[in-house]
Amino acid sequence: MAEQSPPETDRSGRDKRLGLLIWYRISRIYNQSLKETGRHLKQWSISPAQFDALAQIGAHGRLSQQQLADKLFVTKGNITQLLSKLEESGLVKREQQWKTKYISLTEAGKELFDGAVPEQEWFQASQFDALDREEKKQLLALLKKIQH
């Protein structure tokens with residue numbers, strides 16, 4: 001026998017439905033933001049993943065491949081292909097010291113970092129322009145509250 005969902009008048013059912021609607025909305029906003037970010041980054045001919053890597057490397061000066069993977073929440077293996085593309089584009093250089101591979105920005109990578117990062121930060125922040133300062137603070141507090 002199939003399990004039935006609780007009736008709409010049941011408080012726990014309404015709360016569950018409301019939670020689901022919030023999740024859908026957050027997912028849609030996230031996906032929309034990714035699309036808009038991709039379009040915005042096209043002016044520098046880089047993908048969001050490449051931008052994230054450049055931003056992390058540029059902010060830290062030099063990172064091991066494992067440190068970068070940890071900061072991007074990906075495996076060390078997944079980052080190899082990303083770094084290969086950035087290296088082919090002349091934006092990063094890799095060097096090995098003993099068993100550790102380090103990544104740093106080339107001069108071209110530093111120029112891109114200096115130009116793209118402030119623009120991208122402004123672009124990302126502007127997506128919340130519909131909210132006033134207090135609403136932004138409230139949204140941030142609520143998101144922190146649900147983050148595990």
Problem set entry | Contacts under 9 angstrom Cβ, first residue in the range 22-39 being in a helix (DSSP H, G or I), partner among the aromatic types (Phe, Trp, Tyr), 6 or more apart | 36/123; 37/51; 37/123
For this session: Hey, could you check the range 93-132 for residues that are surrounded by 13 or more Cβ atoms within 10 Å (Cβ to Cβ) and touching a Lys or Arg at 6+ places or on another chain (Cβ under 7 Å) and say which is modelled with the lowest pLDDT?
Result: 101
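Scan the helices (runs of 4 or more DSSP H) fully inside the range 61-148 and keep the ones with 1 or more residues being over 18 Å from residue 49 (Cα atoms) and free of Cβ contacts under 8 Å to residues at least 12 places away in the same chain. Show your work before the answer.
Values: elements: 65-72, 76-88, 107-126, 133-146.
Because the criterion is at least 1 residues that are over 18 Å from residue 49 (Cα atoms) and free of Cβ contacts under 8 Å to residues at least 12 places away in the same chain, the helices (runs of 4 or more DSSP H) in the range 61-148 that meet it are 107-126, 133-146.
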For this session: Please specify each residue of the range 75-92 satisfying the condition of being surrounded by 16 or more Cβ atoms within 10 Å (Cβ to Cβ) and farther than 21 Å from residue 120 by Cα.
Result: 79
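The values are calculated or read from the model by the stated rules, or taken from the named source; none is laboratory data. Predicted, not measured: the structure shown is a model, and the values here were computed from it. As a convention, Cβ positions derive from the backbone with ideal geometry for all residues, glycine included, and neighbour counts pool all protein chains shown.
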